[in-house]
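Data block below; observations after.
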Ligand SMILES: Nc1ncnc2c1ncn2[C@@H]1O[C@H](COP(=O)(O)OP(=O)(O)OP(=O)(O)O)[C@@H](O)[C@H]1O
Ligand SMILES: [Mg+2]
């Protein structure tokens, strides 16, 4: 098993004298499903932001596939991992679901091919989004917005997924679709990291569970 | 000093910015900058906020520097200090360049000071000045809106980073397109939020009664009164000097 993330002797704090993590040790496997739990404010979102390169300036060792995280460019990181932010609107940049996914594909650099269009439609179909594809985002419900972000994940199937509270606000049908997607990925050797404050959970597809406690992280 | 009334601070801020605009004098701009800094340091104590201000200044430093350089290069009157082909640095250019950038710096500092004051304080201050509530509410909302807009915009930039769209790597001509693409949804979202705010205001009976009561009062201390008085006298004196000089 190859770790995708390796933390060793790792410390981080927003303020100089107040560490959120201290001497953290953790290995996250690149091809299995990992769950990280923690109370509100324990630092789960912070950890996700660190792993996706949104936060920098840590202390200690922090590797992404044997590369030092500080040495990697934002682009390098974004080619390896994709983050679903907890703040659901923070995942969306465009005015409509259709436009948002097109930006994911075109990246302001190229035009979508036929292949891209097909892929996008498939993602929309899986989450039943046809009827609100062209509606403005600010008129959609929370669950509908979340479905945009889940559909966007499907366009990044080859990257490692970091999901910050992915199940919150989803109905049971959507939860099972997402769970199946994660299981499917695992069978193809693509891993996922799930972050959640809940401890009761459908654990049959989760390989490892960790808990953030006392500025560190413990295996459950 | 932390207990200075917001009204006093507002008066000082208005006076400082208007003096800074009125006077084309390097010494006065320096004094005003110093005074604004003093105001900032005496008003805000938390290290976290200072850190944030430092960050803000650093990111705007380039802009100030550009203003300085443009001013220095494009003023052609005064004594020549240094010359190279069509480039020319004159005493007057240097003078105006410094004045313009200091003026800009003062505005940034003042904005930083005002944006960090809680919204309710503004409502109280405006009420004490007998502004109609509708107007003070509007002003306070706008002052409050800027930081919210700022965080939303930052969040969109993060979303781009996650997608591997890095602004610095994009061709120069593409960048305005990207910014436009971001700006419209952020604005539209903010406006749609304001719509809900209007509804919730109506539900609470906004403007139903003429007089609004407040839970807290802002009392002027003796120090506030003294400072307000001295500042006003000082301001009038300086303007008088200016008029006499003309
Ligand atoms: N930008 C920031 N600046 C300073 N402190 C922050 C910042 N973001 C978060 N914090 C603090 O860091 C701590 C961890 O926050 P974080 O958002 O990582 O918690 P969380 O585990 O994701 O919580 P939740 O379960 O509510 O999502 C909190 O105490 C929070 O107040
Ligand atoms: Mg969180």
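Structure summary
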quantity	calculated
Scope the stretch A:63-108; condition within 9 Å of another protein chain (Cβ to nearest Cβ), part of a loop (DSSP other than H, G, I, E, B) and out of contact with any helix residue (DSSP H, G or I) (no Cβ under 8 Å at 6 or more places or on another chain); matching residues	A:73, A:107
Filtered residues of the stretch A:109-127 (kept if modelled with pLDDT under 90 and more than 14 Å from every other protein chain (Cβ to nearest Cβ))	A:112
Extreme residue, farthest from the chain's Cα centre (by Cα), among residues of the stretch B:150-177 that are within 20 Å of residue B:52 (Cβ to Cβ) and more than 7 Å from chain A (Cβ to nearest Cβ)	B:157
Test set (1) without any contact (Cβ under 8 Å) to a residue 12 or more places away in the chain; (2) crowded, with 17+ Cβ neighbours inside 10 Å; (3) more than 14 Å from ligand 2 (Cβ to nearest atom); (4) within 9 Å of chain B (Cβ to nearest Cβ) - residue A:16 fails condition number	(2)
The one condition in (1) surrounded by fewer than 19 Cβ atoms within 10 Å (Cβ to Cβ); (2) assigned by TED's automatic domain parsing to the domain that holds residue B:24 that residue B:134 fails to fulfil	(2)
Matching residues, the stretch B:18-34, being farther than 23 Å from residue B:244 by Cβ and buried (at least 17 other Cβ atoms within 10 Å of the Cβ)	B:33
Filtered residues of the stretch A:173-198 (kept if within 20 Å of residue A:24 (Cβ to Cβ) and within 16 Å of ligand 2 (Cβ to nearest atom))	A:193, A:194, A:195, A:196, A:197
Pairs with Cβ under 8 Å, 6+ apart, first in the stretch A:113-127 and surrounded by 12 or more Cβ atoms within 10 Å (Cβ to Cβ), second not in a helix (DSSP H, G or I)	A:119/A:155; A:120/A:112; A:120/A:155; A:123/A:155; A:124/A:133
Answer from A:92, A:175, A:103 - the residue that is modelled with pLDDT under 95 and in the same structural domain as residue A:64 (by TED's automatic domain parsing)	A:175
Meets criteria (in contact (Cβ under 8 Å) with a residue 12 or more places away in the chain, within 15 Å of ligand 2 (Cβ to nearest atom) and either over 18 Å from residue B:156 (Cα atoms) or touching a helix residue (DSSP H, G or I) at 6+ places or on another chain (Cβ under 6 Å) (or both)) for residue A:43	yes
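Here's the yes/no breakdown for (1) within 23 Å of residue B:166 (Cα to Cα); (2) within 16 Å of ligand 1 (Cβ to nearest atom); (3) more than 18 Å from the chain's Cα centre (by Cα):
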site	(1), (2), (3)
A:3	no, no, no
A:26	no, yes, no
A:29	no, no, no
A:50	yes, yes, no
A:63	yes, no, no
A:70	yes, no, yes
A:81	yes, no, no
A:88	yes, yes, no
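The values are calculated or read from the model by the stated rules, or taken from the named source; none is laboratory data. This one's a predicted model, so the numbers in the text were calculated from it and none came from an experiment. Counting neighbours? That spans all protein chains shown, and the Cβs are built from the backbone with ideal geometry, glycine included.
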